[in-house]
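Peer 1: Below are the structure tokens for one structure; questions will follow.
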């Protein structure tokens with residue numbers, strides 16, 4: 001295995017560790033373990049981690065941004081967390097130039113959540129993070145010979161898609177192709193993702209605290225909205241229907257899927273008597289193992305046997321029966 005591939009695996013490992021830590025700190029132990037297990041067996045993570053793509057370190061940086069954003073916006077550790085958040089915002093555009101979109105969304109998310117806890121700290125931290133993001137982009141431009149060349153390169157990338165045969169043939173389609181892509185790769189975790197989102201909405205409307213605090217629930221809903229905005233933003237540009245471009249929010253996908261499993265466990269704990277609760281939990285575990293086996297099977301069918309070169313719907317759909 002090449003040193004570059006080892007580096008990708010290294011970044012994926014850091015992403016896994018901070019995904020677990022974020023879920024454990026703010027959404028409970030069960031959510032942490034379920035999210036981490038779903039990530040480990042996910043064809044999505046297995047596919048990107050074995051390739052030398054900038055999307056893997058960007059996933060790592062964005063997962064760190066989410067962790068420090070949660071710490072800064074909802075916990076007591078304000079100054080140090082905002083400083084780490086700003087430093088990561090600066091570094092993100094050095095990992096991948098287009099990261100200004102996802103990082104900008106995460107800055108807006110952290111400020112919106114943080115205002116409810118400490119308005120002054122959130123506004124100052126958000127302003128510093130935005131300046132850091134702009135500074136990172138400016139430094140990137142300076143290293144590349146000037147900002148004009150940097151903007152010109154971004155324009156050329158966008159303008160090249162209509163003339164790129166692969167992009168036109170494989171990365172077209174409606175906005176819901178992103179959701180279809182997740183479904184093709186991991187049907188059950190995709191359902192669990194939406195179940196996790198529904199559980200947040202239900203608990204918010206009912207006023208129930210569930211297994212995490214209302215402020216953490218609000219932060220999670222904000223992440224879901226930011227994820228949706230990223231999907232809609234990418235959908236507004238033709239020929240970008242590629243799951244790799246959603247890599248900054250892979251952590252949100254796994255986190256919400258973990259929340260979905262935790263919601264089912266919590267519902268069984270509250271609503272069922274001891275014997276039936278144990279039976280239900282056992283059935284859930286058996287189903288979860290089956291889901292993980294299905295994910296591994298799809299990874300093998302699509303990327304090992306099928307040798308799919310990328311995470312696009314029109315290519316991945318040829319290798320599995322997803323209807």
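Quick note: the coordinates plus some simple rules give every number you see, no bench work behind them. From a predicted model like this one, the values you see are computed outputs, not experimental measurements. Because the Cβ atoms are built from the backbone with ideal geometry, glycine has one as well, and the counts that use them run over all protein chains shown.
Peer 1: Quote the relative contact order of region 29-131 in percent (integer), defining contacts as alpha-carbon pairs under 8 Å separated by 6+ residues.
Peer 2: 26 percent
Peer 1: Obtain the nm distance between the two label points defined at residue 24 and residue 285 by a simple spin-label model: each point lies 7 Å from its Cα along the Cα-to-C-beta direction.
Peer 2: 2.1 nm
Peer 1: For the chain, what does the helix formula give at 222 nm: sum of -39500 (n - 2.57) over DSSP H segments with n ≥ 4, over the residue count, nearest 500 deg cm²/dmol?
Peer 2: Using -39500 (n - 2.57) per qualifying helix, the result is -25500 deg cm²/dmol.
Peer 1: Please compute the length gained on full extension between residue 278 and residue 14, using 0.36 nm multiplied by the number of residues separating them and subtracting their Cα-Cα distance. All intermediate terms of the calculation are to be shown ahead of the outcome.
Peer 2: Working: separation 264, 0.36 × 264 = 95.04 nm, distance 3.42 nm.
Working it through step by step, the gained length comes to 91.6 nm.
Peer 1: From Cα pairs below 8 angstrom and at least 6 apart in sequence, can you work out the relative contact order of the chain, rounded to a whole percent?
Peer 2: Reported as a whole number, the value is 25 percent.
Peer 1: Return the whole-Å distance between the Cα centroid of region 1-51 and the Cα centroid of region 216-279.
Peer 2: Cα centres, region 1-51 to region 216-279: 15 Å.
Peer 1: Would you look at the GNM of the chain, springs on alpha carbons closer than 10 Å, and say which of 144, 172, 258 moves the most?
Peer 2: Taking springs between Cα atoms under 10 Å, the residue moving most is 144.
Peer 1: Indicate the gyration tensor shape class of region 170-323 (rounded, prolate or oblate), computed on the Cα atoms with a ≥ b ≥ c the square roots of the eigenvalues: a/c under 1.5 is rounded; otherwise a/b larger than b/c is prolate and the rest oblate. Show your work: numbers first, answer last.
Peer 2: Values: a/c = 3.17, a/b = 1.40, b/c = 2.26.
Judged from the Cα gyration tensor, region 170-323 comes out oblate (a/c at least 1.5, b/c at or above a/b).
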